[in-house]
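The values are calculated or read from the model by the stated rules, or taken from the named source; none is laboratory data. These figures come from a predicted structure and were not determined experimentally. Backbone-built Cβ (ideal geometry, glycine too); neighbour counts: all protein chains shown. Just the protein is used for accessible areas: all its heavy atoms, side chains included, with ligands, DNA and RNA removed. Shrake-Rupley method; radii C 1.70, N 1.55, O 1.52, S 1.80 Å.
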Amino acid sequence: MAELLRLKEVTKVFSLGGGLARIRITAVYRVSFSVQRAEVFGLVGESGCGKTTTAHLILGFEAPTSGEILYLGGEGGAVRISPQRRVKDIQAVFQNPFETFNPLRPVERYFFETLKNYGLARTKKEQVARIDEALRAVGLSYRELSDRYPSEFSGGQLQRISVAKALLTAPSLLIADEPVSMVDASLRMSIVNLFRKLRDELGLSVIYITHDLATAYYICDRVAVMFRGNIVELGRAEKVLLSPLHPYTRLLRQSIPEADPARRWTGRLELQETQEEEYLRRGCKFAGRCPQRLGRCTEEMPPAIEVEGTTVRCFLYNKEENDVTGTVQKTKHPS
């Protein structure tokens, strides 16, 4: 598979407050991953872990403090993405479809404006044909859209319309930021299946951002698990989500409800720090919650270590640490 997007040691630091109360929060820390053509790549983690900030960096809404983001799908070679150089081949679908469209404007106007802004169709006939083609890719048509307002559509329909609008520019990469969290449970799989269809039939790559491990497992080829700005585990979706290595990934896995009472997790995790304190913590950001933390975890950032095809940022898999403590052998994976 050909590489489409590459993030290299991307860091984003925000300054909060002013004067003596001013603090610097590293929202994204040395994040590196690539996205292949016709791949669904998942960014998984709880709210506030840096997923959306990473998406904004890729879209060019924010500039990275350090590192670089390269789009490799153009004919002219690699393009370094920044707020001054966004890529029209990268489009986005956001969490709440009802916030995407002004309730006082017909939905079709957004489509015509997009075509006009990118100079993609000259005549009204060409514009309608292009809009209809994009809508049919998501199971709708221009006739169903024409002269209708957002309130006349369901949440699931509006999310499909959002995807169709993103497809107008014929992108190679779609960033879907929590695309099913505001949609009724009965409609979620239809949206998720839509992304699979776009990957399989159009060769579209998707960065699927979610806190929902079940849909990530269903749709993603690979996943990266984020915690407080760090990618703590990255690999094939089935391997990371079924046999997680990092203690945080295991915690996410154990938090999924089980139908069988005998398999339900009955443990309890006491949170000792606020989100801000975890971001400001030295060493591993998860050390304050981790039931397996080592002494050095609170002082040093663990390196990224390759373990049977999965990359995990954890001292438990450091060979020198393992030789001394035997910790990895003691680690139990969830069944």
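A few comments on the model shown:
- Global form of the chain, assessed from the alpha-carbon gyration tensor, a/c cut-off 1.5: prolate
- Given charges at beta-carbon only (K, R positive; D, E negative), |dipole| of the stretch 1-156 in Debye: 440 debye
- To the nearest ten degrees, helix 155-167 and the longest principal axis of the Cα atoms of the chain are 80 degrees apart.
- Kirkwood-type radius of the stretch 1-78, with distances r between different C-alpha atoms, in Å: 13.8 Å
- Full-extension gain in nm, residue 196 to residue 236, via 0.36 nm per residue minus C-alpha separation: 12.8 nm
- The label-point distance for residue 82 and residue 133, in a model that sets each label 7 Å from Cα toward Cβ, rounds to 3.4 nm.
- Selection among 216, 315, 82 by position relative to the dipole of the chain gives 82 as farthest towards the positive end (Cβ unit charges, Cα centre).
- Accessible surface area normalised per residue over the chain is 50 Å², counting heavy atoms of protein chains with a 1.4 Å rolling probe.
- Phi to ³J(HN,Hα) by Karplus 6.51 cos²θ - 1.76 cosθ + 1.60 over the stretch 43-54, Hz, x for Gly, Pro: 10, 10, x, 6, 4, x, 8, x, 5, 5, 4, 4
- Dipole of the stretch 1-118, positive end: most advanced residue of 19, 49, 4 [Cβ charges, Cα centre]: 19
- Theoretical FRET efficiency, 1/(1+(r/R0)^6), r = Cβ-Cβ of residue 254 and residue 182, R0 25 Å, to 0.05: 0.45
- If the segment from residue 63 to residue 105 were pulled out straight at 0.36 nm per residue, it would be longer than the present Cα-Cα gap by 11.9 nm.
- Once the Cα atoms are used to define both axes, helix 124-136 deviates from the longest principal axis of the chain by about 40 degrees.
- Taken about its Cα centre, the chain carries a charge dipole of roughly 340 debye when the Cβ of each Lys and Arg holds +1 and the Cβ of each Asp and Glu holds -1.
- When the charge dipole of the chain is built from unit charges on Cβ atoms (+1 for Lys and Arg, -1 for Asp and Glu) and taken about the Cα centre, the candidate among 28, 67, 140 whose Cα reaches farthest toward its positive end is 67.
- Seen through its C-alpha gyration tensor, with square-root eigenvalues sorted a ≥ b ≥ c, the stretch 45-102 comes out oblate because a/c lies at 1.5 or above while a/b is not bigger than b/c.
- Interchain or long-range residues, amide H under 5 Å from residue 40's placed H: 206, 221, 222
- For the stretch 135-267, size of Cβ-based charge dipole, Lys and Arg +1, Asp and Glu -1, in debye: 240 debye
- All aspartates and glutamates inside 19 Å of residue 197 as judged from Cα atoms, apart from same-chain residues fewer than 8 positions distant: 39, 89, 132, 133, 177, 178, 221
- Share of carbon and sulfur in the accessible heavy-atom surface of the chain [1.4 Å probe, %]: 48 percent
- Based on C-alpha pairs under 8 angstrom that are at least 6 apart in sequence, the stretch 127-258 has a relative contact order of 16 percent.
- For the residue pairs 125/165; 165/239; 8/165; 8/319, the alpha carbons lie more than 28 Å apart in 165/239; 8/165.
- Pairwise FRET efficiency - residue 281 versus residue 22, Cβ, R0 = 25 Å, nearest 0.05: 0.85
- Helix axis angle, 185-202 relative to the chain longest principal axis, alpha carbon, degrees: 80 degrees
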